[in-house]
1. Quick one: would you say Leu114 is outside the structural domain of Lys172 (by TED's automatic domain parsing) and either on the phi < 0 side of the Ramachandran plot or without any contact (Cβ under 8 Å) to a residue 40 or more places away in the chain (or both)?
2. Scan the stretch 66-93 for residues that are among the hydrophobic types (A, V, I, L, M, F, W, C) and not in a helix (DSSP H, G or I) and jot them down.
3. Check Asp230, Asp218 and return the single one that is surrounded by fewer than 18 Cβ atoms within 10 Å (Cβ to Cβ), at pLDDT below 95 and farther than 30 Å from His65 by Cβ.
4. Being crowded, with 18+ Cβ neighbours inside 10 Å and part of a helix (DSSP H, G or I) is the filter here, so list the residues in the stretch 96-114 that pass it.
5. For Gly142, which of the numbered conditions (1) crowded, with 22+ Cβ neighbours inside 10 Å; (2) touching a strand residue (DSSP E or B) at 6+ places or on another chain (Cβ under 7 Å) fails to hold?
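The values are calculated or read from the model by the stated rules, or taken from the named source; none is laboratory data. Bear in mind that the values here come from a model prediction, so they are computed numbers and not experimental data. Note: ideal-geometry Cβ built from the backbone for every residue, glycine included; neighbour counts use all protein chains shown.
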Amino acid sequence: MGSVAKYRGILLDFYGTLARATHWFSVEEALAEHGYVLDPELRDRWFNDGIDGDDHEAASQSRDHYVKWQLDRTYSMLSESDVHPDEYATIAEKLRIGAATRVLEAYDEVPEVLAQLRAEGLKLVVCSNWDWDLAEAVDESGLSDAVDLLVSSAWVGVRKPNPRIYLHTLEKAGLEPENVLFVGDTWGADVEGPLAAGMTPVYLRRDGHWADGTCPHDEPRGRGVTVASDLSAILSLI
């Protein structure tokens, strides 16, 4: 392993990069129980990459504000899915209860890789498009003691790849962008955004990973971006 002179810190996405869900009650399941089908395009627009970059500062005043914003979004999605309004509250409650049964686990190599990076003196920071309870999710994954700082889009008021979340995270971490690797599994949020902010991105493409709708059709390596199949690949970059 080389010198740490070039990189002083590593910013890491959370879901799909450090951890995955081994059990999750999905929106599709909740709607199916009521005889509805969620259109994939609609799901992407309301819950996946379709909201990346969004500014929701007003919703980030407190956890209560954020939870209400999430509920309002859920109701809007149900409306577009032609769900009867009388069923909104029941479906939303099923989703809330289902979220409590979610099981998050770190990918197998992650704890050891983070320990090695820590031993090299690197500051490890999670920068995630997540909800208000990122700290609880990281703890559930067994990684709370493995990282130095957590930043959730819910707390900042904007989602990656909005430049403000990167600037906020770098400032909180006391890092300069030219000394930072950014590792994540979503091209727009974890490659294009960090590049524009002056960081060096590493694009994580795990075997069996869900499709990344933000990834360019041509080979990412051809764009000069390091592509890794798991987190251990970054050990050779420091």
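1. Values: outside the structural domain of Lys172 (by TED's automatic domain parsing): no; either on the phi < 0 side of the Ramachandran plot or without any contact (Cβ under 8 Å) to a residue 40 or more places away in the chain (or both): yes.
When the stated conditions are applied, Leu114 does not pass them.
2. So in the stretch 66-93, the residues among the hydrophobic types (A, V, I, L, M, F, W, C) come out as 67, 69, 71, 77-78, 83, 89, 91-92.
If the condition is that a residue be among the hydrophobic types (A, V, I, L, M, F, W, C) and not in a helix (DSSP H, G or I), then Val83 is the only one that fits.
3. Only one candidate qualifies: Asp218.
4. Val110, Val113, Leu114
5. So Gly142 meets the others, but not (1).
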